[in-house]
Amino acid sequence: MRRFTIIFTLLLVPSLVYGCTGQTGSVGQVLEDIGAQEALELMQRNQGNPDFMVIDIRTPEEFDESYIENAINIDFYSDTFKEDLDKLDKDKPHLIYCRGGNRSNQAMPVMKELGFKEVYNLSVGIKEWIAEGLPVVP
């Protein structure tokens with residue numbers, strides 16, 4: 001029984017502390033980098049889920065060129081970026097992206113600090129999404 005308890009503890013505690021993704025976060029926090037195909041699958045699984053949010057953190061000019069369907073735009077370079085994120089429901093799952101992954105990668109720690117529970121980062125940005133022929137709103 002003691003051996004079982006030790007093994008159980010060694011397996012369970014890291015998943016509670018780091019979440020399902022293995023990335024550092026508070027208990028129950030999921031912060032994960034994903035590719036375009038994984039993002040598409042995530043969006044398909046959440047189709048019709050009003051709690052799932054897609055956030056484009058590029059500039060409004062970049063957003064106006066094309067964006068992933070149902071995305072909202074919150075400009076990373078805005079003076080109110082952190083405050084704008086803070087207004088969102090932190091209990092909802094979020095997919096974030098930018099052009100090439102740099103800004104969204106920088107936004108992940110901000111969202112972690114603000115207490116977001118579930119954030120997926122399109123790690124190579126909309127460039128990869130478009131390169132793979134995935135749909136955008138023109």
Quiz item: Which loop chymotrypsin sites (Phe, Trp or Tyr not before Pro) in the stretch 28-136, with loop taken from DSSP, have no more than 16 other Cβ atoms within 10 angstrom of their Cβ?
Solution: TYR77
Quiz item: Along each of its three principal axes, how wide is the spread of alpha-carbon positions in the stretch 28-131, in whole angstrom units, largest first?
Solution: 32, 32, 22
Practice problem: Taking amide H positions as placed in the peptide plane 1.01 Å from N, state which residues far from TYR67 in sequence (5 or more) or on other chains have amide H under 5 Å from it. | Solution: VAL137
Quiz prompt | Footprinting exposure proxy for SER104, SER78, SER123 (fewest neighbouring C-beta atoms within 10 Å first) | solution = SER78, SER123, SER104
Self-check item: Distant-in-sequence amide H partners of VAL54 (H built 1.01 Å from N, under 5 Å)
Solution: ILE72, LEU95
Quiz prompt | Residue-by-residue Karplus 3J(HN,Hα) for the stretch 74-83, coefficients 6.51, -1.76, 1.60, Hz, glycine and proline x | solution = 10, 5, 4, 7, 5, 5, 9, 3, 4, 5
Practice problem: Could you line up LYS87, LYS82 from fewest to most neighbouring Cβ atoms inside 10 Å? | Solution: LYS87, LYS82
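Read-outs: derived from the displayed coordinates by stated rules, not from any lab. No experiment lies behind these values; they were computed from the predicted model shown. No Cβ is skipped: glycine too gets one built from the backbone with ideal geometry, and neighbour counts run over all protein chains shown.
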